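Heads up: the structure comes next, in structure tokens.
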Amino acid sequence: MRYARAFAGTLSKEAHMEMTKLTGSIVALVTPFKEDRSVDFDALGRLVDFHLENGTDGILVLGTTGESSTMTDREDLDVARLVVERVAGRIPVIGGSGSNSTDESLRKSLGLQKLGVDGLLLITPYYNKSNEDGIYHHFKTVLDAVNVPCILYNIPGRTGCSISERNLARLSAHPNAWGLKEASGSIAYATMAARYVSDDFRMFSGNDDMVVPILSLGGSGVISVWADVAPATVHELVARWQAGDAAGALRIQLDNLELIHALFCEVNPIPAKAALARMGLITESYRQPLWPLADASRERLYAALADRGLIAAE
């Protein structure tokens with residue numbers, strides 16, 4: 001058992017253990033908004049049910065895909081609370097608590113822990129960027145203070161900085177650092193990171209077009225935007241790999257590349273929300289500066305959804 005300190009929140013020891021066994025498809029859940037851009041909690045509940053019914057192994061709320069950077073503290077907590085309550089312990093729920101301010105990330109992390117999430121996702125400090133030791137202490141400050149498993153999030157394309165190998169070596173040894181969401185898009189970085197993968201520190205793909213390559217390096221699954229629209233398929237890909245059917249997993253990866261690429265033809269989560277709206281699951285509504293898809297992108301996205309049988313062909 002990796003958690004020596006008494007937990008200050010509401011989770012049981014069994015919940016911690018369940019989180020540390022998590023593999024498979026973790027959906028990076030969108031936050032649905034109404035036409036007036038307020039949070040659509042009814043639609044959010046339906047999305048949770050959709051994922052529970054279709055094999056999603058874990059739910060990440062308040063990540064990049066969840067547009068948390070445009071939401072208030074109250075909205076963050078209300079969204080996380082609804083998801084935790086709706087899931088009711090059936091699968092792990094991870095809360096995104098990242099910030100470019102270390103103190104803010106710590107405050108968010110403690111708030112989500114108290115609310116009852118099973119784990120946290122911590123991003124590198126964007127905009128500020130910091131130096132190597134600053135980034136190390138940014139993560140360590142939160143890791144020292146919480147009592148739930150934490151996933152470190154490496155996505156230099158959005159943050160402008162990366163988790164160095166030295167920092168990964170130091171942080172992966174921390175008892176509350178449980179994994180890495182690797183979204184650099186670099187197989188060289190992922191190969192380096194694989195050196196630190198163990199039973200106590202896992203790696204998840206943060207890129208839907210690299211799930212099989214990350215699994216081949218010892219990864220445990222994917223934190224996925226693709227799973228927003230095709231949860232059963234993404235779950236099956238990882239399950240096939242884990243069952244020893246590498247060829248079957250690769251076939252799913254390759255057969256879905258056009259859909260995956262269409263889901264990122266414009267900045268995430270614009271295409272994902274457009275897809276879910278076309279599937280009848282949410283209203284297509286964003287918070288600025290996000291804006292609806294261009295016509296050519298929409299045509300490409302709808303064609304890819306139809307090709308995979310997710311909507312009727314137009």
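The values are calculated or read from the model by the stated rules, or taken from the named source; none is laboratory data. Here the structure is a predicted model, which is why all the values come from computation and not from measurement. Ideal geometry is used to build each Cβ from the backbone, glycine not excepted, and the neighbour counts take in all protein chains shown. Ligands, DNA and RNA are stripped out before the accessible areas are found, and what is left, the full protein with its side chains, is counted by its heavy atoms. Shrake-Rupley method; radii C 1.70, N 1.55, O 1.52, S 1.80 Å.
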**Out of Lys21, Lys13, sole residue that is of a type outside the set (A, V, I, L, M, F, W, C), modelled with pLDDT under 95 and within 25 Å of Asn207 (Cα to Cα)** = Lys21
**Message:** Pairs needed: first member in the range 168-186, in contact (Cβ under 8 Å) with a residue 12 or more places away in the chain; second member anywhere, part of a loop (DSSP other than H, G, I, E, B) and among the small types (Gly, Ala, Ser); C-beta distance under 6 Å; at least 6 residues apart or different chains.
**Reply:** Lys181/Gly206; Glu182/Gly206; Ala183/Gly206
**Complete:** Exception for Ile282 within (1) outside any helix (DSSP H, G or I); (2) free of Cβ contacts under 8 Å to residues at least 60 places away in the same chain; (3) in contact with a helix residue (DSSP H, G or I) (Cβ under 6 Å, 6 or more places away or on another chain) falls at (2)
**Request:** Would you please name the residue that is most open to solvent (accessible area, probe 1.4 Å), looking only at residues in the range 53-69 that are out of contact with any helix residue (DSSP H, G or I) (no Cβ under 7 Å at 6 or more places or on another chain) and more than 13 Å from Gly98 (Cα to Cα)?
**Result:** Glu53
**Prompt:** Are any of the residues in the range 286-309 touching a strand residue (DSSP E or B) at 6+ places or on another chain (Cβ under 9 Å), surrounded by 15 or more Cβ atoms within 10 Å (Cβ to Cβ), among the small types (Gly, Ala, Ser) and modelled with pLDDT of 95 or more?
**Reply:** no
**Prompt:** Considering the range 15-49 alone, what residues qualify as being open to solvent by less than 40 Å² (accessible area, probe 1.4 Å) and among the aromatic types (Phe, Trp, Tyr)?
**Reply:** Phe33
**Asked** Do we find that Leu143 is hydrophobic (A, V, I, L, M, F, W, C), at pLDDT 95 or above and in contact with a helix residue (DSSP H, G or I) (Cβ under 6 Å, 6 or more places away or on another chain) in this structure?
**Response** no
**Prompt:** List pairs: first in the range 23-48 and under 21 Å from Leu180 (Cα atoms), second basic (Lys, Arg), Cβ under 6 Å, 6+ apart or cross-chain?
**Reply:** Val30/Lys273
**Message:** Against the definition (closer than 17 Å to Pro32 by Cβ and surrounded by fewer than 19 Cβ atoms within 10 Å (Cβ to Cβ)), how does Arg278 come out, yes or no?
**Reply:** no
**Fill in**
Scanning the range 133-145 residue by residue, the ones that are surrounded by fewer than 18 Cβ atoms within 10 Å (Cβ to Cβ) and among the aliphatic types (A, V, I, L, M) total 1
**Prompt:** Inside the range 93-132, can you point out the residues that are of a type in the set (Lys, Arg) and either at pLDDT 95 or above or open to solvent by less than 50 Å² (accessible area, probe 1.4 Å) (or both)?
**Reply:** Arg107, Lys108, Lys114
**Request:** Restricting attention to the range 19-56, report how many residues are among the polar types (S, T, N, Q) and in a strand (DSSP E or B).
**Result:** 1
**Asked** Only one of these conditions is not met by Asn268: (1) touching a residue at least 40 places away in the same chain (Cβ under 8 Å); (2) surrounded by fewer than 18 Cβ atoms within 10 Å (Cβ to Cβ). Which number is it?
**Response** (2)
**Message:** Just the residues that are within 19 Å of Phe201 (Cα to Cα), open to solvent by less than 40 Å² (accessible area, probe 1.4 Å) and not hydroxyl-bearing (Ser, Thr, Tyr), please, taken from the range 146-168.
**Reply:** Val146, Asn147, Val148, Pro149, Cys150, Ile151, Leu152, Asn154, Ile155, Ile163, Asn167, Leu168
